[in-house]
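Below is one structure, written out as structure tokens; comments come after it.
The values are calculated or read from the model by the stated rules, or taken from the named source; none is laboratory data. This one's a predicted model, so the numbers in the text were calculated from it and none came from an experiment. As a convention, Cβ positions derive from the backbone with ideal geometry for all residues, glycine included, and neighbour counts pool all protein chains shown. For the accessible areas, the whole protein counts, side chains as well, though only heavy atoms, and no ligand, DNA or RNA atoms are used. Shrake-Rupley method; radii C 1.70, N 1.55, O 1.52, S 1.80 Å.
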Amino acid sequence: MDTVLVLVQGYVRKTSAGEMFASPSTVLVKSRDKFILVDPGANQSFLLKALADHGLSLEKINMVFLTHYHPDHFLNIRLFPGRDVYDGTTIYRDDRETAYSQKIPSTDIQVIATPGHTPEHASLLIDAPDGKYAVSGDVFWWEDGQEPSTDWNTLLGLPDPLAQDMEALRTSRRKLLEMADYIIPGHGSIFKTGR
């Protein structure tokens, strides 16, 4: 079984001056002897502090998984030179690209295509001792102070002003709600699905 740890809870904050501050939930998955960092985010100090608080250095991270290509989700990737970077279909190692499917190689972590927010969006499904976790990236997200009710109708109907295909996004949301016991949203706190 794998372990799942939310290192940094994702947030989206808007100021009265019109600025926005955003960084996603950054999740550490330990699978066998590998440390996989999901969506390293944009706030370097939050990430470094969270790793240090758990006795981890940057060098302990074996690979980085990106749910999608919005900069708030990947800017901190610069802290991990030489590591393999995964998206939903490809492993990037320097200038080499290697296709893969269904699971992150050498792990039991399922990779689930979850388009809608962006076409390439992918989520992870992880079996942990206390249940199945979906690291959902921006399939689910909300601004600070707008945390929704976690009934399925509310979650399926959440607005997403950045979504590229709302119908595909609703399908992806339903898929994760049906598969997972817990969902870690891209921005906001973890919630139980009640499935």
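Quick rundown of the values:
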read-out: Most mobile of PRO24, PRO161, PRO119 in a GNM of the chain (Cα contacts under 10 Å); value: PRO161
read-out: Per residue solvent-accessible surface (Å²) - the range 69-165, probe of 1.4 Å; value: 49
read-out: Cα point-scatterer Debye curve for the chain, base-10 log of I(q)/I(0) at q = 0.13 Å⁻¹; value: -0.64
read-out: Protein accessible area in the range 58-149, 1.4 Å probe - carbon and sulfur %; value: 50
read-out: Exposure ranking of VAL85, VAL38 by accessible area [1.4 Å probe, largest first]; value: VAL85, VAL38
read-out: Rg ratio (alpha-carbon, reference 2.2 N^0.38 Å) - the range 29-72; value: 1.17
read-out: Solvent-accessible area of TYR133 with every protein chain in place, 1.4 Å probe, in Å² to the nearest 10; value: 20
read-out: Whole-Hz ³J(HN,Hα) from phi, Karplus 6.51 cos²θ - 1.76 cosθ + 1.60, for the range 164-177, glycine and proline x; value: 8, 7, 5, 5, 5, 5, 4, 4, 5, 4, 4, 4, 5, 4
read-out: The chain: most fluctuating residue of THR171, THR26, THR118 per GNM, C-alpha cutoff 10 Å; value: THR171
read-out: In Å², nearest 10: area of ILE112 left accessible to a 1.4 Å probe; value: 20
read-out: Kirkwood Rh (inverse of mean 1/r, distinct Cα pairs), the range 27-108, angstrom; value: 13.1
read-out: For the range 116-156, the Rg and Dmax computed from alpha carbons only, in angstrom; value: 12.3, 32
read-out: Overall Cα dimensions of the range 55-99 - principal axes, largest extent first, Å; value: 32, 22, 15
read-out: Phi-based couplings in Hz for the range 143-160 (Karplus 6.51, -1.76, 1.60; Gly and Pro marked x); value: 6, 4, x, 10, 4, x, 5, 9, 6, 4, 4, 5, 5, 5, x, 3, x, 9
read-out: Peptides ranked, highest mean first, by Cβ atoms within 10 Å: ranges 143-151, 42-50; value: 42-50, 143-151
read-out: Relative contact order of the chain, pairs being alpha-carbon contacts under 8 Å that are 6 or more residues apart, as %; value: 19
read-out: Rough spin-label spacing in nm, given labels placed 7 Å along Cα→Cβ, for LEU79 and ASP95; value: 2.9
read-out: 5 Å binning of all Cα-Cα separations within the range 1-67, expressed as whole percents from 0 upward; value: 4, 16, 27, 25, 12, 8, 5, 3, 1, 0
read-out: Convex hull volume per residue for the range 107-195, taking Cα atoms only, in Å³; value: 84
